Each structure stands twice: as structure tokens, then as C-alpha cells.
Amino acid sequence: MTAADTFFTADIPAAPYDELRARTAGTVAVAGEPEYEALVTPWNLAIEVRPDAVVAATSAQDVLEAVRFARAHGLEVTPQATGHGAITAFIGEILVNTKGLDECVVHPDGWARVGAGVKWLRVVEAAAPYGLAPLSGSVTDVGIVGYITGGGLGPMARTYGLASDRVRAIEVVTGDGELRRATPTEHADLFFALRGGKGALGIVTAIEFDLVRQPRFYGGSLWFDGEQAPAVIAAWREWIKDLPEAATTSFGLFNLPEMPGVPPMLAGRLTLSVRYLWTGDAVDGERHFRTMRTAAPVLLDDVAEKPYTAVDSVHTDPVEPLPAHESAMVLRDFPAAAVDELLRLAGPGSGSPQVLVEVRQLGGATARPGEHDSAFAARDAAFSLLVVSIPMIPGAVEHGQRIVDAMRPWFGSRRLPNFTSDAALLPAAYDEWTRAKLRHTIRRYDPDGVIAIGHAFA
Ligand SMILES: Cc1cc2nc3c(=O)[nH]c(=O)nc-3n(C[C@H](O)[C@H](O)[C@H](O)COP(=O)(O)OP(=O)(O)OC[C@H]3O[C@@H](n4cnc5c(N)ncnc54)[C@H](O)[C@@H]3O)c2cc1C
């Protein structure tokens, strides 16, 4: 802190957090208190999350009290469930930790209701006995509300579309300090904005969404030595041209460290994994995948018929917290020239320091509008590019950005909100009309700017 900072902050009294404590059932901890660290530390350990105070909400009423308190004292609030998508610039003075909002009810007739603190794994496990599955993401450790409010593109996306298109209702404490239920017919403007608009409108307390009948799938990951990347990616590009919507696929170039959970044959070298999930009959899924099995000598083949509870084996994302920096963009095309650029920076012999460089094929059901209009604005994206760097590796973040920049000739028009970790880039996830609609809705439901993320749209 500089002398000037001390001068300006010395006169600002701390908010009377004891008042908030008296009104909430959950813990309220200010910086320096014993419970504070565990409540604020995000899954992504590279992100600074240092609010003045954190409220461990145990009910919608606690969230309501936190937002009303913030509004009364001119403070900003941010929700956090897991911290997978934490962004320092969006951390206001008060963090509402939603882990305690842990209700999770799966209805055998095909839908679920969960509290804002619930992660996908709970629903996957509770839905499995009924042969049902949610439209979860690449790893079931991610929080449901954060994922869905950003659209939600999972390993079955080309068959079933975005998770945000399957939402029935959202309960939310808006910045004006009211608890509201948004559905296609109640507060329809909120319902629009909360599906794709991230947490810009308020703090969601509960969400209801449809499940799909998918007891099993055919899929997993097929691993090659990184030296084979040019041949495998060329084969992948050809193969995806006629791939039915029952298939969702991506590839990842990995530099995995030697650590527990990483098979030794995949550690300490460049590898390439082709991810595949087929939602139809397993025999057809196997037949469609044969092309990739013959693309080059295979290091490890984990593609088989599995219960949906094994869905994390498709992307093999990490579960333990780690420090990560993401650079990402969507592509409208992925021609041979784009592959050449990608391999120049991240392929064999490039010395790429990136843990993961991933390209997902989109299209299919993700390209079609859902039943109800939403703020998700990247329907025309054909591919998603994501680079995950470990910020402690010198030059890794800059190199990751260079990879994304090299793809500029093939950039799509709108970013994916869920893969936008730079606050300044979030507005670029929306077209002008959607941004205007979001701004209008924010002004209506959060006139005092209490919800920190809403400021990205100012
Ligand atoms: C390993 C990994 C894999 C991923 N895989 C996918 C994937 O396959 N598909 C995909 O689409 N995304 C994916 N993501 C991105 C992920 O969906 C977003 O980062 C998402 O925001 C994480 O939500 P969270 O609640 O876990 O994280 P948090 O950091 O707790 O929340 C992140 C943001 O979500 C919003 N949010 C969270 N809770 C609330 C609430 N109660 N009310 C309102 N807004 C809220 C806020 O904007 C908040 O800042 C992945 C991220 C990681 C780190």
C-alpha cells in the first residue's frame, strides 16, 4: 500500500459487519479472522480473492441480508461457489460463499432442483439410478450455477445443446435486495439475462433444470504421443466433417507433470488426447470412432461403453485446486492453415510450456436457439480454443496469448462467457443488442450497482 492509499483509506471506517452477523445464520468473517481463508480461497489458486468480508450463506435469507447490507452501505457483492471461475476484478467488498446452499433434489420424471452451492457430481450421482443425466461440463467438480449462467458447454453439447437452454426456473437475489423467481413467464427479462449473462444480475440461490435420458455413453479419451499430433489432428479434421450430432469431440495437447493420478506413460512429455462422447447406441459409437483409432499408434485407449457417472473420463480435467491462467477464443473455422499455426506454437518441437491446448468442435445442437431466448450470443461459433497455462512457469501466460493471437484470422464473432477469465473481455461475449438488453436489465434490478460483475456492462 502506498502512502497515498493509506491517506485515502485511513478515513474510511470499516462497514459495521457485526450488524450483518446479527442478521445472518451463516458465518460472517472479515480478513484476519480464522474462518476467512477457507471461505474465500478459490479452486483456481492463481486468483486473488480478498474481499473485506465473506458471508457463508446457509439460506436464501442469508444471501438477501448480505445484498441488502451491501446496498445500504454502498458496497459491492460477488458470489463464489467453487472458485473455478474466480476473476479478481469482479471481487467486491463482500463475497457470498454459496457452498451452504446445498439442496439437491432429482425428480425421476426428468428434472432437478439444486441450491447455488451444488457441484455437478451430486446431480450426476443422484440422477444415475433413474437412467437420467444432467448437461454437466468437462468435469463434474464445477459449480452448477456458475456453469449454467455462462451457457454451459459440456461433453454432450452437440446432441443436447447448452445447459442454459434446459433451465426451467432460477431463484435469485437481485442487486435491489429482492428475492425473485425467474421463469419464461415470471420476470422473463431476468430469465433471459441469467442464462448466459453470468452473475451480472444478482446472486442465484437455486436453479431448476431438465435432465436427459442417458444412462450410459460410448466414449472417453484416446491418447497419442505428441509427435503424432500433425497426423492425428489432420485425421480429426477430416473425421469431424461428417460426424453425426450424437458425437461431441475435442482434442487436447497436454504437457502433464509427473504426479499422482497421471499415468506414467502420459507424464513429462507432449501428448495428444482425442475426446469423444457418443450419446447413441454403443455399437454405432464404436464404428464411428474407428477412424481415430487408426490415425496413428495409440498410447492409451480409454474409449468404451460406460455409465454416465464416468463422464469425467472424457476430458480428464483435474479435480484438485491448482493455479491456472486461461486464454481462449472461439473459431468460425479450423482449416489446415490454422492447424499449422497451432502446431508451430504448441506442437512437437515447439517447446510449448502449456499444460493444455484444447480445441472443441461445437455446432450441432449448440448452434440452434433454445426454446426460450437467452443472453448466450455465441451460437455461430464452430470451435472453441482454450489454452491453460501455469502462471508460475516463466513466459507461459504470454506464450498462451500468442497461441490465441495466432488464430486471429479464424476468430468467431463472440466469446464464450464461461471461458472468459479477463473481466475486460466479458462484454465481447455478447452482440450489441444482447449487451444493451443486459445493461437495461441490470439498471432495472440493480440500480445501485451492488452486484460487482454487473459493472462489466456499464
Ligand atoms: C477445470 C475446469 C473445467 C471447465 N469446464 C467447462 C466446460 O466443460 N464447459 C463450460 O461451459 N465451462 C467450463 N468451465 C468454466 C466454468 O463453467 C466457469 O468457470 C464457471 O463460472 C464455474 O462456476 P463455479 O461456480 O464452479 O465457479 P465460481 O468461481 O464459484 O463462480 C464463477 C462465476 O460464476 C457465477 N456464479 C457463481 N455462483 C453464482 C451465483 N450463485 N449466482 C450468480 N452467479 C454465480 C459468477 O459470475 C461467478 O463469478 C470449466 C472451468 C474449469 C476450471
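Quick check on Ile87: is it within 12 Å of the ligand (Cβ to nearest atom) and within 15 Å of Ile453 (Cβ to Cβ)? Working first, answer last.
Values: within 12 Å of the ligand (Cβ to nearest atom): yes; within 15 Å of Ile453 (Cβ to Cβ): yes.
So Ile87 fits the description; yes.
Give the residues of the stretch 424-458 that are hydrophobic (A, V, I, L, M, F, W, C) and out of contact with any Ser or Thr (no Cβ under 8 Å at 6 or more places or on another chain), sorted by residue number. Walk me through it before giving the result.
Filtering the stretch 424-458 down to residues hydrophobic (A, V, I, L, M, F, W, C) leaves 424-426, 428-429, 433, 436, 438, 442, 450-453, 456-458.
Those that are hydrophobic (A, V, I, L, M, F, W, C) and out of contact with any Ser or Thr (no Cβ under 8 Å at 6 or more places or on another chain): Ala424, Leu425, Trp433, Ala436, Leu438, Ile442, Val450, Ala456, Phe457, Ala458.
Condition (residue is within 13 Å of the ligand (Cβ to nearest atom) and not assigned by TED's automatic domain parsing to the domain that holds Phe383) applied to the stretch 208-216: is it met by at least one residue?
Taking the stretch 208-216 as the starting set, the residues that turn out to be within 13 Å of the ligand (Cβ to nearest atom) are none.
So far as the stretch 208-216 goes, no, none of its residues is within 13 Å of the ligand (Cβ to nearest atom) and not assigned by TED's automatic domain parsing to the domain that holds Phe383.
Specify which of the listed residues (Leu39, Leu75, Leu101, Leu64) is out of contact with any Cys (no Cβ under 8 Å at 6 or more places or on another chain), free of Cβ contacts under 8 Å to residues at least 60 places away in the same chain and surrounded by 19 or more Cβ atoms within 10 Å (Cβ to Cβ). Break it down stepwise before answering.
Details: Leu75 fails: free of Cβ contacts under 8 Å to residues at least 60 places away in the same chain; Leu101 fails: free of Cβ contacts under 8 Å to residues at least 60 places away in the same chain; Leu64 fails: free of Cβ contacts under 8 Å to residues at least 60 places away in the same chain.
The conditions single out Leu39.
Taking the stretch 220-244, which residues are within 26 Å of Tyr308 (Cα to Cα) and in contact (Cβ under 8 Å) with a residue 12 or more places away in the chain?
The answer is Gly220, Ser221, Leu222, Trp223, Phe224, Trp236, Trp239, Ile240, Leu243, Pro244.
Does Val212 qualify as being in contact (Cβ under 8 Å) with a residue 60 or more places away in the chain and of a type outside the set (Phe, Trp, Tyr)? Give the steps one after another, and end with the answer.
Values: in contact (Cβ under 8 Å) with a residue 60 or more places away in the chain: yes; of a type outside the set (Phe, Trp, Tyr): yes.
The answer is yes for Val212.
Has the stretch 264-278 got any residue that is assigned to a helix (DSSP H, G or I) and either at positive phi or within 27 Å of the chain's Cα centre (by Cα) (or both)?
Pass one, the stretch 264-278, residues assigned to a helix (DSSP H, G or I): 264-266.
Keeping just the survivors that are either at positive phi or within 27 Å of the chain's Cα centre (by Cα) (or both) gives 266.
Yes.
Of everything in the stretch 397-411, what is farther than 18 Å from Leu343 by Cβ and surrounded by 13 or more Cβ atoms within 10 Å (Cβ to Cβ)? Give them in sequence order.
Going residue by residue through the stretch 397-411, those that are farther than 18 Å from Leu343 by Cβ are 397-398, 411.
Residues satisfying the conditions are Val397, Phe411.
Can you name the condition, by its number, that Asp242 falls short on among (1) crowded, with 20+ Cβ neighbours inside 10 Å; (2) out of contact with any Gly (no Cβ under 6 Å at 6 or more places or on another chain)?
(1)
Does the stretch 76-83 contain any residue that is farther than 19 Å from Val172 by Cβ and of a type in the set (Ser, Thr, Tyr)?
Going through the stretch 76-83, the residues farther than 19 Å from Val172 by Cβ turn out to be 83.
Going one step further and asking which of them are of a type in the set (Ser, Thr, Tyr), we end up with none.
No, that holds for no residue.
Starting from the stretch 436-451, keep only residues that are farther than 19 Å from Ala72 by Cβ and not assigned by TED's automatic domain parsing to the domain that holds Leu179, then list their pairs with residues that are acidic (Asp, Glu) and outside any loop (DSSP other than H, G, I, E, B) whose Cβ atoms are within a distance under 7 Å, requiring at least 6 positions of separation or different chains.
Thr441/Asp189
With the requirement that a residue be more than 12 Å from the ligand (Cβ to nearest atom), surrounded by fewer than 24 Cβ atoms within 10 Å (Cβ to Cβ), in contact (Cβ under 8 Å) with a residue 40 or more places away in the chain and of a type in the set (A, V, I, L, M), what does the stretch 124-168 give you?
Within the stretch 124-168, Val124, Ala128 meet the criteria.
State all residues of the stretch 298-336 that are part of a helix (DSSP H, G or I), hydrophobic (A, V, I, L, M, F, W, C) and in contact with a Lys or Arg (Cβ under 7 Å, 6 or more places away or on another chain); if no residue qualifies, say none.
Taking the stretch 298-336 and keeping what is part of a helix (DSSP H, G or I), we get 308-310, 312-315, 336.
Right, trim to hydrophobic (A, V, I, L, M, F, W, C) and you get 310, 314, 336.
Passing the criteria: only Val314.
Out of Glu258, Glu208, report the one residue that is in contact with a strand residue (DSSP E or B) (Cβ under 6 Å, 6 or more places away or on another chain), farther than 23 Å from Ala382 by Cα and loosely packed, with under 14 Cβ neighbours inside 10 Å. Working first, answer last.
Values: Glu208 fails: loosely packed, with under 14 Cβ neighbours inside 10 Å.
Just a single option satisfies the conditions, and that option is Glu258.
Looking at the stretch 188-209, can you tell me whether even one residue there is over 21 Å from the mean Cα position of the chain (by Cα) and within 29 Å of Ser421 (Cβ to Cβ)? Steps first, answer last, please.
So the first thing to find is which residues in the stretch 188-209 are over 21 Å from the mean Cα position of the chain (by Cα), and the list is 188-189.
Imposing the further condition that a residue be within 29 Å of Ser421 (Cβ to Cβ) reduces the set to 189.
Among the residues of the stretch 188-209, at least one is over 21 Å from the mean Cα position of the chain (by Cα) and within 29 Å of Ser421 (Cβ to Cβ), which makes the answer yes.
The values are calculated or read from the model by the stated rules, or taken from the named source; none is laboratory data. Fair warning: this is a prediction, and the values are worked out from it, not measured in the lab. Cβ coordinates were reconstructed from backbone atoms using ideal geometry, including for glycine residues, and neighbour counts include every protein chain displayed.
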